[in-house]
Amino acid sequence: ATVTTNRAGHFGESYVSVESLQEFKIMTSGISAEFGRAQAGIFNFVTKSGANEIHGSAYGALRNEALNANTFVDNARGNKRAPDRKQNYAGSFGGPVYIPKVYDGRNGTFFYLTYERYRERVFNYPAPNRTVPLPEIYEGDFTRLLQTTVAGTDGFGRNVYRGAIYDPLTFRQLPNGRWIGDMFPGNRIPVSRFSQVSQRLNAIAKAHYLPTIRDASGQIPLENNSVAPSVSRFDQHQFSVKADHILSKMHKLSATYNYTVRHRPLQFGGPSTMWDPNDPVGGPLSTTRAQRYKAQVARLAHDWTISPRMLNHFVVFGNRAGNPWASVHKEVDGAKELGIKGLTARGYPTIGWGGGPFVTLNQPGDATDEYEGFTHWGFLNTVSFFRGRHFMKTGFDHRRNLANNRSTPGGSFSFAARATA
């Protein structure tokens, strides 16, 4: 029975522990009809079963930065080795079901249990890879953007310098139809002209996202002036149980249940987002999202040996996966915190500061609270029989896929260099 949901081909988030596998093979050609839904290949595995004797296995693996050499980047900066920790361990055992003075399952009823735990903590800083506003920009001082290169002249014959910011309140139309405006003196915008929303956003940004990089002269570069770490925090638990019961020489039942839960914060948006290095989730304006993915796989099978040459196999199965996809700041009404009227947000709305002519800033904010639910159930029956050198198999397979999504994006605000008015 398939372990996938409607996310066909992807079972990485709902697979069983490797420690519970008895047999494993990959089929890429000569696939029989029962696997005809796949084009590329089939991962086919059989889980372990109990027996009359108690048996089991255990596994463990460790990775730690104490066993690693430091990176060239950290050596150049005088930093210690960054955390690089991965632990994986698992154990399984099984045997006959035995209840003292009640039931002895030897030669009849068996169980097998498996548990696997994976833990990952990786944290390292690459080269500067974020561009955030200079401290003086929050005060309206854009003098660093003003260049001496003349891009042309305006309607009065005045030079127009690259990087100049014009006051929208001075825009006016000349008799010849051309529009003209005056540059902000010194390329400085008075703070009094900032909206209350902008001032609140600036206050949050100044508290968490000031540049952390300076060049050899001590000056803050316009671009790549901040660093965001490469963070991976991942926890996964896998539990499975299998039961087998021999009804008679001709009939056998088996049932399997697997539960997987994996939790990890994701730096959604990659290098386009802002990051506070002093906060494990990147600060209030980061795009870190929390994912706690849960998956369940269950099946009940009946095998009937009709004759020494014929076997009937019937399976009822179900797969369920739930994927929450939400900002770690979803409990904060970011719209209210910024003073945006008539809007409620799960986290801070995305602010697209836009790409200017010289500097493209990383954007702040993420207000996302989504959930995806996938359910897949069905049943199948296969009859296998042979005579002499001829083997045949026939059957039917019925499946039903359900996908339920709840999308609640929190909105975004975008600004362009030519439309800041």
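The values are calculated or read from the model by the stated rules, or taken from the named source; none is laboratory data. Predicted, not measured: the structure shown is a model, and the values here were computed from it. Cβ atoms come from the backbone with ideal geometry, glycine included; neighbour counts cover every protein chain shown. Just the protein is used for accessible areas: all its heavy atoms, side chains included, with ligands, DNA and RNA removed. Shrake-Rupley method; radii C 1.70, N 1.55, O 1.52, S 1.80 Å.
Below, the figures for the structure above:
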{"item": "Rounded, prolate or oblate (a/c below 1.5 giving rounded, otherwise prolate when a/b exceeds b/c) for region 214-330 by Cα gyration tensor", "result": "prolate"}
{"item": "Gaussian network model of the chain, Cα within-10 Å springs - most flexible of A82, A290, A345", "result": "A82"}
{"item": "Relative contact order %, region 259-332, counting alpha carbon pairs below 8 Å whose residues are six or more apart", "result": "31"}
{"item": "Fraction of beta bridges assigned by DSSP in the chain that are antiparallel (%, nearest 5)", "result": "95"}
{"item": "Trypsin sites (Lys or Arg not before Pro) restricted to DSSP loop in region 326-404 with at most 13 other C-beta within 10 Å", "result": "K341, R389"}
{"item": "Proximal charge balance of A66 [Cβ under 14 Å; K/R count +1, D/E count -1]", "result": "+4"}
{"item": "Value of [θ]222 nm, deg cm²/dmol, for the chain, DSSP H segments ≥ 4, -39500 (n - 2.57) each, nearest 500", "result": "-1500 deg cm²/dmol"}
{"item": "Percent accessible area from carbon and sulfur atoms, the chain, protein chains only, probe 1.4 Å", "result": "56"}
{"item": "Cα shape, region 178-278, gyration tensor, a/c 1.5 rule", "result": "prolate"}
{"item": "Acute angle (nearest 10 degrees) that the helix 196-208 long axis makes with the longest principal axis of the chain, alpha-carbon atoms", "result": "70"}
{"item": "Per residue solvent-accessible surface (Å²) - the chain, probe of 1.4 Å", "result": "57"}
{"item": "Sequence-separation-based contact order of the chain, relative, with Cα cut under 8 Å and 6+ spacing, percent", "result": "14"}
{"item": "Rounded if a/c under 1.5, otherwise prolate or oblate - region 14-95, Cα gyration tensor axes", "result": "oblate"}
{"item": "Relative contact order of region 352-403, pairs being alpha-carbon contacts under 8 Å that are 6 or more residues apart, as %", "result": "31"}
{"item": "Leading residue at positive end of dipole, the chain (Cβ point charges), from S286, L300, N70", "result": "L300"}
{"item": "Residue with peak Gaussian network fluctuation, the chain [Cα springs, cutoff 10 Å], from G282, G36, G50", "result": "G36"}
